[in-house]
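S.K.: Sending over a structure as structure tokens; questions will come in a sec.
Rule-based calculations on the coordinates, nothing more; no lab input. Keep in mind that what you see is a predicted model, and the values were worked out from it rather than measured. No Cβ is skipped: glycine too gets one built from the backbone with ideal geometry, and neighbour counts run over all protein chains shown.
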Amino acid sequence: MKLMYHLLFCMLMLQSCNGIAQKQEKPNPEDFEVQKSESEWKEILTNDQYYILRQAGTERPYTSPINFEEREGVFVCGGCNNPLYKSKNKYDAGCGWPSFDEAIEGSIVISYDYKLGYKRDEALCAKCGSHLGHIFNDGPKNTTGIRHCINGAALQFVSEEDFKSANNEQ
């Protein structure tokens with residue numbers, strides 16, 4: 001019985017990864033604008049952020065305060081403050097991680113990994129190359145149909161007012 005559930009889980013996971021465009025090989029770390037040594041990253045990131053952003057780790061589901069963030073604003077990369085997602089694109093996918101149906105144009109790079117034994121689309125920050133999470137094609141059908149399943153520790157929230165102020169927007 002356990003084997004049957006395991007096979008069913010694997011089939012569902014494989015199905016959720018099909019049909020996503022823009023797949024590419026692993027980018028070269030030197031291609032990113034923000035360059036830091038591992039010791040520099042360790043100095044500026046918390047242990048959880050370092051594990052997720054720089055070692056492609058995953059936080060436990062349902063543990064991130066970002067899951068409950070409902071204010072208007074922007075979610076930025078926890079490593080370099082690159083704007084990644086607008087609050088209007090956040091939704092509750094019921095998966096335990098912050099989910100978005102769309103990233104800010106040009107803010108992420110889609111790569112892939114095989115950590116679970118099959119190819120998954122991996123979201124990386126386009127500015128510093130940090131691991132954010134994974135992208136699946138089981139998102140809301142009334143918008144993009146895509147789910148960006150992102151680790152909350154990979155993000156920081158900036159209110160709309162603070163974001164506009166920091167970017168000299170009116």
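S.K.: Show which aspartates and glutamates lie in cross-link reach of Lys127 when reach means a straight Cα distance below 15 angstrom and same-chain residues fewer than eight apart are skipped.
M.R.: Glu30, Asp31, Glu33, Glu105
S.K.: Could you please state, rounded to a whole Å, how far the C-alpha centre of the stretch 25-41 is from the C-alpha centre of the stretch 121-170?
M.R.: Centre-to-centre distance over Cα atoms comes out at 19 Å.
S.K.: When you count, for each residue, the other Cβ atoms within 10 Å and take the mean per peptide, how do 120-130, 42-52 rank with the highest first?
M.R.: Averaged packing, sorted descending, gives the order 120-130, 42-52.
S.K.: Hey, another quick one. For the stretch 51-101, what size does the Cα cloud have along each of its three principal axes, sorted from largest down, in whole Å?
M.R.: 29, 25, 18
S.K.: Could you grab the Rg to Rh ratio for the stretch 25-170? Cα atoms only, Kirkwood for Rh.
M.R.: Radius of gyration over Kirkwood radius for the stretch 25-170 works out to 0.95.
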